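Structure record follows, encoded as structure tokens.
The values are calculated or read from the model by the stated rules, or taken from the named source; none is laboratory data. None of these values were measured; they are calculated from a predicted model. So basically every Cβ, Gly included, is an ideal-geometry build from the backbone, and we count neighbours across all protein chains shown. Keep in mind that these areas ignore ligands, DNA and RNA; they rest on the heavy atoms of the full protein, side chains included. Shrake-Rupley method; radii C 1.70, N 1.55, O 1.52, S 1.80 Å.
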There are 2 protein chains.
Amino acid sequence: MNTSLNNRKEHILRSVVVNYIKTAEPVGSRTVARSYPDGLSSATIRNEMADLEEMGYLVQPHTSAGRIPTQKGYRYYVDNLMDTDELSSDIEESISSSISAGKMREIEQIIMNSTRVLSSATNQTSLIMGPQFKKSAFHQLRILPLDEKRGLVVLITDTGFIKNKVIDLHHQLSHTELQQVVSYLNQKLYGLTIDQVTTSLINELKRDLFKRLEILEQAFILLEESLKEEKQIRVFLGGTTNILNQPEFKDVDKIRRMLKLFEQEPLLFKILEDNSSEDSIVVRIGSENEFEDIKECTLITGTYRIHDKTIGTLGVLGPTRMDYSRVISVMQRLVNHLNQQLSSS
Amino acid sequence: MNTSLNNRKEHILRSVVVNYIKTAEPVGSRTVARSYPDGLSSATIRNEMADLEEMGYLVQPHTSAGRIPTQKGYRYYVDNLMDTDELSSDIEESISSSISAGKMREIEQIIMNSTRVLSSATNQTSLIMGPQFKKSAFHQLRILPLDEKRGLVVLITDTGFIKNKVIDLHHQLSHTELQQVVSYLNQKLYGLTIDQVTTSLINELKRDLFKRLEILEQAFILLEESLKEEKQIRVFLGGTTNILNQPEFKDVDKIRRMLKLFEQEPLLFKILEDNSSEDSIVVRIGSENEFEDIKECTLITGTYRIHDKTIGTLGVLGPTRMDYSRVISVMQRLVNHLNQQLSSS
DNA sequence: CTTTAGCACTCTGTAGTTTAGAGTGCTAAA
DNA sequence: TTTAGCACTCTAAACTACAGAGTGCTAAAG
């Protein structure tokens with residue numbers, strides 16, 4: 001199936017893809033002929049294009065129109081024909097400046113800026129999964145008494161997350177009792193990722209502790225809730241209006257479906273999560289995507305890390321007619337910057 | 001200018017407004033005639049409608065079409081003709097259930113649910129300004145040492161907000177020194193709203209403290225940053241796709257402008273802030289709005305409180321052809337629930 | 001004086017028709 | 001194997017025709 005094409009066919013396919021990406025209009029033989037270095041006539045090109053159509057790389061929207069790439073055509077282009085884009089210096093700059101600006105930056109802030117850069121540099125919709133709490137390792141638990149009846153539980157991870165929650169302390173605890181509980185918990189949990197803190201582990205700890213102090217029910221409830229709650233992680237979106245600029249979304253109905261999708265955070269999360277892969281950048285074209293709603297789109301994803309630990313995914317979503325070369329370059333650059341920036345604190 | 005209309009004209013105006021809201025089609029004399037209790041002929045209605053047009057309450061899109069209400073027409077309707085909607089029981093229920101569900105609810109969660117309810121019950125876009133940190137009063141400041149080099153500053157307000165931040169402690173502090181600083185700050189700041197903690201006050205405190213301990217520069221930086229940071233408060237949006245259902249937004253260009261607006265959080269914040277008023281619910285029709293981008297829309301806003309302290313605003317944004325009666329009823333109900341729910345913890 | 005029936009007139013939206021232009025596939029010659 | 005030439009196809013835009021909805025005005029009736 002994966003027979004590779006001869007040189008001339010490759011050249012023609014590339015030309016069709018590149019032109020179609022640029023103009024969104026079916027590409028005719030004349031146009032391709034012009035791009036061919038040693039002048040070949042349009043008739044010859046026509047023959048080759050007919051071949052490419054038969055092989056499944058191109059299609060005609062109707063009998064007498066130019067050709068547009070099929071999904072298979074895009075795939076071949078991405079795998080074999082694409083050269084990586086040189087980024088213009090102002091994009092380079094906007095990437096590095098918007099990410100590294102302040103020093104005392106919150107991680108959320110960095111992520112939000114990234115969505116902005118990513119969408120504006122690619123002219124597509126960008127989506128970024130915020131850092132995944134549950135993949136971080138447990139580092140420290142503190143309980144801070146607020147007043148007679150309430151305390152603040154603070155949970156700190158190795159990647160710098162801080163979660164907190166006010167809890168009721170029905171039974172007053174002495175300071176030392178509290179200390180005991182806390183240090184016990186810290187000892188048991190240290191180094192585990194949040195993922196690993198399962199309900200059964202919690203129950204075990206609970207039994208253990210109840211023997212000594214029949215108190216901290218509330219604290220455990222927090223811990224459990226904290227796990228559940230984090231299932232719905234934020235996905236940040238940028239440039240959702242960019243799809244309106246693309247001619248493939250001139251239909252109000254398509255727009256609606258797309259925007260509906262953007263409103264469903266859990267779904268977006270799933271989409272990103274499923275596509276996150278350890279190795280750099282993944283391109284999913286059209287029906288290569290698992291999710292029904294984006295089977296007419298291309299999704300390009302990458303992952304970012306803190307100290308070699310993958311903690312989130314970023315993606316660019318658009319029509320299959322997407323400037324692959326540019327998007328991939330931008331994404332690559334952005335991921336590098338992010339990794340560097342996030343790991344340097 | 002504000003001459004009130006006679007009974008018959010009022011009836012006709014109401015009929016036109018109600019019908020137009022329902023169908024989005026210009027309303028003709030025949031339609032109005034049907035709605036008139038004692039049969040009046042369409043010819044009579046026509047005469048009255050011509051009058052109403054001259055007075056500025058109605059217009060014709062073109063010579064031989066029905067009438068549609070002008071902004072002035074809507075205004076008269078809202079002020080004098082509208083009766084409040086009875087809400088169907090399932091909406092009542094969805095309001096109360098989605099807001100009061102859990103017990104240990106985070107305030108953000110409640111707000112997000114509110115956007116959902118509000119937009120789905122009104123079929124419009126809803127926007128809610130999250131609770132305003134800076135209007136809360138300072139309650140407690142804690143500093144929690146994490147390790148040798150870092151500490152966690154925790155700031156708690158009377159309305160239950162908890163802000164925290166990791167700070168570097170270049171110079172190690174003894175426990176007692178830390179205690180001293182913290183209790184001094186607490187004493188000075190207690191009861192002030194965050195708004196009132198101005199830069200000058202911070203500087204004063206700084207001078208004061210430097211005399212005793214030449215240390216806590218970092219802590220102050222936090223405090224200052226915390227103030228700045230909170231200028232960009234989150235605005236939660238719901239049902240942005242609802243505008244696509246309205247025929248006034250069948251033009252892709254209008255859609256784009258609207259969605260662009262939704263992406264500009266600071267602007268939305270300003271819009272909501274400007275419209276927030278102490279007394280219940282405000283209706284801004286068309287050009288009554290100050291902001292250029294929504295001069296073709298109607299914005300209906302209300303405020304919610306915690307213990308009689310206004311902390312946020314919620315709004316419904318849509319075309320001027322909006323079901324005023326329903327939106328106002330829903331908003332009223334939602335605000336009541338919110339106030340009750342937020343104040344009971 | 002108010003209401004109404006009747007009628008001519010206006011404007012829109014839709015459906016059908018025409019036409020220019022772009023691009024193809026095929027054939028036959030180079 | 002390549003290319004010139006030509007007949008053919010399909011689309012998108014422009015134009016025309018027409019039915020339908022609604023108006024304003026006039027003149028008659030209450």
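Of all residues in region B:53-68, which are open to solvent by less than 40 Å² (accessible area, probe 1.4 Å) and more than 10 Å from DNA strand D (Cβ to nearest atom)?
Scanning region B:53-68 gives B:GLY56, B:TYR57, B:ILE68.
Could you please find all residues in region B:271-298 being under 21 Å from B:ASN339 (Cβ atoms) and in contact (Cβ under 8 Å) with a residue 24 or more places away in the chain?
Hits for region B:271-298 are B:LEU272, B:GLU273, B:ASN275, B:SER276, B:SER277, B:GLU278, B:SER280, B:ILE281, B:VAL283.
In region A:266-283, which residues are more than 27 Å from B:LEU259 (Cα to Cα) and not in a loop (DSSP other than H, G, I, E, B)?
Within region A:266-283, A:ASP274, A:ASN275, A:VAL282, A:VAL283 qualify.
Restricting to region A:22-33, what's the tally of residues that are of a type in the set (A, V, I, L, M, F, W, C) and crowded, with 20+ Cβ neighbours inside 10 Å?
Here the count works out to 2.
Which residues, taken from region B:238-266, are open to solvent by less than 40 Å² (accessible area, probe 1.4 Å) and either without any contact (Cβ under 8 Å) to a residue 40 or more places away in the chain or in contact with a Leu (Cβ under 9 Å, 6 or more places away or on another chain) (or both)?
B:GLY238, B:GLY239, B:THR240, B:THR241, B:ILE243, B:LEU244, B:VAL252, B:ILE255, B:MET258, B:LEU259, B:LEU261, B:PHE262
Could you please give the count of residues in region B:34-50 that are farther than 22 Å from B:ILE285 by Cβ, open to solvent by less than 60 Å² (accessible area, probe 1.4 Å) and under 39 Å from the mean Cα position of the chain (by Cα)?
4
Any idea which of B:THR84, B:THR3, B:THR63 is away from chain A (no Cβ under 14 Å), within 12 Å of DNA strand C (Cβ to nearest atom), modelled with pLDDT under 95 and not in a helix (DSSP H, G or I)?
B:THR63
Among the residues of region A:4-34 satisfying the criterion of being among the hydroxyl-bearing types (Ser, Thr, Tyr) and touching a residue at least 24 places away in the same chain (Cβ under 8 Å), which is nearest to A:SER325 (Cα to Cα)?
Among them, the one singled out is A:TYR20.
Counting only residues that are facing another protein chain (nearest Cβ under 8 Å) and outside any loop (DSSP other than H, G, I, E, B), how many does region A:246-265 have?
The total comes to 6.
Out of curiosity, is A:VAL17 away from chain B (no Cβ under 14 Å), away from DNA strand C (no atom under 11 Å from the Cβ) and under 30 Å from A:LEU338 (Cα atoms)?
no
All but one of (1) more than 16 Å from DNA strand D (Cβ to nearest atom); (2) without any contact (Cβ under 8 Å) to a residue 12 or more places away in the chain hold for A:ASP38; state the number of the condition that does not hold.
Every condition holds for A:ASP38 apart from (1).
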